[in-house]
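Each remark here refers to the structure printed beneath this line.
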Amino acid sequence: MSAPVQLSSIPTIAELYKDGQLRPASPKPTDASLPSPSSLCNSRVSLIRASITTLATTSIVNAANNSLLGGGGVDGAIHSAAGSSLYEECKTLNGCETGSAKITTAHALPSKYIIHAVGPIYYRARSESPDRPAELLGSCYRTSLDLAAEKGGSVAFSCLSTGIYGYPKAEAAQVALTEVRRWLEEEEEAQRGDGGRLERVIFCLFDANDIEAYQEWVPKIFPPTDDDLPPKEQATEATATTDQAPAASTDTTTTESSAEKLKPDAEDIDKDWEPVEKPSETASEKTTDISEEGEQVEAPDLGGSDGEKIEKPETKDVLDEAAATGKVLPQSSLEKDW
Ligand code: AR6
């Protein structure tokens, strides 16, 4: 088990802009519905690439299923790191509805609480209506933030629904970031100068596709203030062109995408660590559905190129793929890459 990652070592969005690890959206978004820069928000929100089981935040948010009794993916990683007493506590909760969340203590984990949020199975929610996946996912984030705020301190979110449940990563990032921004602003408004009840909201990213999605959407939903930008960026932002690298690096000597750049070498993969989640694919690449408890079931044929069928991977396949592509990362110190 890696050393717990303390809140003080997790950079805020403002710091990531300042270091040049996040860069403004380019070209500048013209969508008037996108929020304007807020130094308050940018200093209360963080990104980190890590296993959420290593974070010493007040709360962490698990991507659970309706039973709340564990499963694969981040849920499996949390249950195995927290110990069997977590399962015993979860049994007392009587499950949870999709779009909602319940809280337990964190047992052997370095955090204090675990918020178990049940995100939507993407294809299933979308078969109800096109807006249903975002409604349910948004509701997970809001309920989790409300629960986290009761405990105060900091909360770290895993990328709910974007693994086994097949929610497209970029769409999910947009929903997650929008809900958090809205919630923080409403909270500021309600507290009126009293400071928020949540010191920090952290997006805990795990695979390269999570990073790509957040690099695309953070600059649109948490755009930098002038003060956030290094002086060089302040001067050039107005003339930025689309051939700029999207984010994550000030290294102009390379043209590789930032997700590639953040990819660890194959030998960095911790052989002792068993990821239980397959690195993300687009939902349309997936072939088999799983039930809300994580078992494989036949997905209905929705027709069309994005009839999301999702596959629960075998751990061995995951490890083989991780070794080959470096897409799944060990839980050690990846926060340094941001
Ligand atoms: N730390 C942080 N993020 C992780 C970790 C980790 N250790 N492991 C995976 N992720 P998933 P879902 C990321 O599949 O789509 C379970 O069986 C992963 O890269 O864990 O909501 C449950 O019991 C992805 O971005 O959750 C449910 O049945 C994100 O976590 C079902 O899966 C979510 O992927 C829930 O599916």
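The values are calculated or read from the model by the stated rules, or taken from the named source; none is laboratory data. No experiment lies behind these values; they were computed from the predicted model shown. Ideal geometry is used to build each Cβ from the backbone, glycine not excepted, and the neighbour counts take in all protein chains shown. Just so you know, the surface numbers come from the protein's heavy atoms only, side chains and all, with ligands and any DNA or RNA stripped out. Shrake-Rupley method; radii C 1.70, N 1.55, O 1.52, S 1.80 Å.
Summary table below
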read-out: Accessible surface, 1.4 Å probe, highest first, among residues LEU68, LEU7; value: LEU7, LEU68
read-out: Separation between Cα centres of the range 1-29 and the range 134-213, rounded to whole Å; value: 16 Å
read-out: Extension gain (nm, one decimal) between ASN66 and ARG197, 0.36 nm per residue minus Cα-Cα; value: 44.3 nm
read-out: Cβ-derived FRET efficiency at R0 30 Å, ALA3 paired with LYS151, nearest 0.05; value: 0.85
read-out: Spin-label pair ALA170/ALA32, simplified geometry with 7 Å Cα→Cβ offset, distance in nm; value: 2.5 nm
read-out: Count of lysine pairs in the range 1-151 with Cα separation under 26 Å (8 or more residues apart, or interchain); value: 7
read-out: For peptides 41-50, 144-153, sequence by mean Cβ density within 10 Å, most packed first; value: 41-50, 144-153
